[in-house]
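Below is one structure, written out as structure tokens; the observations come after it.
Taken together, the values in this text are just the output of simple stated rules run on the coordinates, not laboratory data. Worth saying up front: this structure is predicted, and the values here are computed from it rather than measured. Backbone-built Cβ (ideal geometry, glycine too); neighbour counts: all protein chains shown.
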Amino acid sequence: MNIADKIVIVTGAGSGLGAATARLLAKGSAQVAVLDLHADTAQEVASFAPDRMLPVQVDVADEASVEAAFTKVLERFGSVHGCVSAAGVATAGKTVSRGLALDMARFKSVIDVNLNGLFDVVRRCALAMSGNEPDEHGERGVIVNVSSGAAWQGQRGQAAYAASKAGVIGMMLPIARDLAPYGIRVVTVAPGLFRTGMSGSFTPDLVAELEDQVLFPKRMGTPEEFAEFTLELFQNRYLNAATYQIDAGARMV
Ligand SMILES: NC(=O)c1ccc[n+]([C@@H]2O[C@H](COP(=O)([O-])OP(=O)(O)OC[C@H]3O[C@@H](n4cnc5c(N)ncnc54)[C@H](O)[C@@H]3O)[C@@H](O)[C@H]2O)c1
């Protein structure tokens, strides 16, 4: 898909990977709906190109909030051609800790955002895309879902996070099969270790330990590297129904 003048929804666009992707898409002349839980950060990101970017506050885990956000996006832009679901939380909690089993509310809150919330956004984007005129290649839309290397190599305390991210990978193929007749591609990105808000609280020791498990280059990725890769997923029409790792060869133990 050529993103120029296309309408793309990016969730989690107020920070980190989503923010860099939203900015790069706007730089490429896409019209970008900047969705985030935090209205102030969404506003700040959208100020990069106010004529092409619309900040929208949303809690992806809340169906009514997602519905209201889509109403705003469709009122302003009229359609949706692209969707990047980067909203996510990494609330940690060990299965058993200090004599207590992990609180189910804590477990479910991660699934609600990373898996249920992502699907709610995907299904609404897909519906809007299904009404688009196909382009000259028969394409009506592109959906990019953000998973994580934790889907395969979750760390201690990441049972909920890993389950949610594995779920994103697992549902991709059936969704891609559902949407292929409409000319909509669905792909998943599984990032390794990136320098964002999510990793911002890591201690220097933890960062060093994690970076040691990256092959080359031996450092955290930048949000801009993620954004460039996501742009390629939009542009290359032969990418569909696959999970792409972007991790410099990191294999976490
Ligand atoms: N940073 C990494 O190393 C890394 C690695 C693998 C996967 N990921 C995934 O990449 C995605 C982006 O994360 P990031 O690293 O940029 O983190 P980040 O914390 O910088 O950004 C995540 C954004 O999601 C938003 N968000 C959280 N809950 C939300 C909700 N309920 N509704 C709407 N927005 C919500 C936050 O406000 C924040 O702006 C996440 O899905 C994360 O799991 C990140």
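Within 10 Å of each candidate Cβ there may be at most 13 other Cβ atoms; applying that plus a DSSP loop requirement, which trypsin sites (Lys or Arg not before Pro) in segment 68-97 survive?
Working: sites: Lys72, Arg76, Lys94; in loops: Lys94.
Answer by residue number: Lys94.
Return the percentage of antiparallel bridges among DSSP beta bridges fully within the chain, rounded to the nearest 5 %.
Rounded to the nearest five, the antiparallel share is 5 percent.
Against the globular-protein guess of 2.2 N^0.38 Å, express the Cα radius of gyration of the chain as a ratio, rounded to two decimals.
With N residues counted in the chain, Rg over 2.2 N^0.38 Å equals 0.98.
Relative contact order for the chain using alpha-carbon pairs under 8 Å, separation at least 6, rounded to a whole percent?
Computed over the chain, the figure is 20 percent.
Taking Cα pairs under 8 Å and at least six residues apart, what relative contact order does segment 30-123 come out at, in percent?
25
Give me the extension gain from Asp135 to Thr222: residue separation times 0.36 nm, minus the current Cα-Cα distance, reported in nm with one decimal.
28.1 nm
Which one, Phe194, Ser164, Ala128, projects farthest toward the positive side of the charge dipole computed for the chain from Cβ point charges (K/R +1, D/E -1)?
About the Cα centre, the residue reaching furthest to the positive side is Ser164.
Can you figure out the FRET efficiency of Asp62 with Ser199, using R₀ = 30 Å and their beta-carbon distance, to the nearest 0.05? Before the final figure, lay out the partial values.
Numbers: r = 26 Å, r/R0 = 0.86.
Rounded to the nearest 0.05, the efficiency is 0.70.
I'd like to know which of Ser97, Leu17, Ala46 lies farthest towards the positive end of the charge dipole of the chain, counting +1 on Cβ of Lys and Arg and -1 on Cβ of Asp and Glu.
Ser97
Which of the aspartates and glutamates could a cross-linker bridge to Lys108, judged by Cα under 19 Å and excluding same-chain residues fewer than eight apart?
In chain and number order, the partners are Asp59, Asp62, Glu63, Asp120.
Straight-line reach from Lys6: which lysines have a Cα under 27 Å away, not including same-chain ones fewer than 8 places off?
Reachable lysines: Lys27, Lys72.
Given +1 on the Cβ of Lys and Arg, -1 on the Cβ of Asp and Glu, and no further charges, what dipole in debye does the chain carry about its Cα centre, rounded to the nearest 20?
Here the chain has a charge dipole of around 520 debye.
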